[in-house]
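A quick write-up on the structure given underneath.
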């Protein structure tokens, strides 16, 4: 599945850092994806050995391109195409953020149950209903 010319937005989508390619392109346009401290355009061609700093909602990434793919693949295969150089402090901070609600949408995260009766009473007491 090696390809010699892949755009950065397509690559970030393929390695599963962004859920959609349009989100990856938007991040590039908003200077959330940088190479050597400079923002990159979504059309930049990815090369082996390139290092990128990527800011997402969940965490900040520092990756090095190890393999080039242009199609979305299984997570276990996708992670073999880059080396994650993110500092341990950033990784642990991102994994410690467990919340029942996603603040920007108000929806519950996947596989989170509804509040129990006790939790509901506590919520009602909190909001003085």
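Here region 11-23 is the region considered, the condition is being in contact with a helix residue (DSSP H, G or I) (Cβ under 6 Å, 6 or more places away or on another chain) and closer than 16 Å to residue 82 by Cα, and the residue that is surrounded by the fewest Cβ atoms within 10 Å (Cβ to Cβ) is 16.
Mind counting the residues in region 42-57 that are in contact with a helix residue (DSSP H, G or I) (Cβ under 6 Å, 6 or more places away or on another chain) and either exposed (fewer than 14 other Cβ atoms within 10 Å of the Cβ) or under 21 Å from residue 79 (Cβ atoms) (or both)? Within region 42-57, residues that are in contact with a helix residue (DSSP H, G or I) (Cβ under 6 Å, 6 or more places away or on another chain) and either exposed (fewer than 14 other Cβ atoms within 10 Å of the Cβ) or under 21 Å from residue 79 (Cβ atoms) (or both) number 1. Among the residues of region 49-63, those identified as over 15 Å from residue 85 (Cβ atoms) and free of Cβ contacts under 8 Å to residues at least 40 places away in the same chain are 56, 58.
Given the residues 64, 77, which is the only one that is more than 11 Å from residue 8 (Cβ to Cβ) and in contact with a strand residue (DSSP E or B) (Cβ under 7 Å, 6 or more places away or on another chain)?
So the residue among 64, 77 that is more than 11 Å from residue 8 (Cβ to Cβ) and in contact with a strand residue (DSSP E or B) (Cβ under 7 Å, 6 or more places away or on another chain) is 64.
The set of residues in region 43-61 being touching a strand residue (DSSP E or B) at 6+ places or on another chain (Cβ under 6 Å) and within 18 Å of residue 23 (Cα to Cα) consists of 43, 46, 52, 53, 54, 61.
Where a number appears in this text, it was derived from the coordinates with a stated rule and is not lab data. Predicted, not measured: the structure shown is a model, and the values here were computed from it. Backbone-built Cβ (ideal geometry, glycine too); neighbour counts: all protein chains shown.
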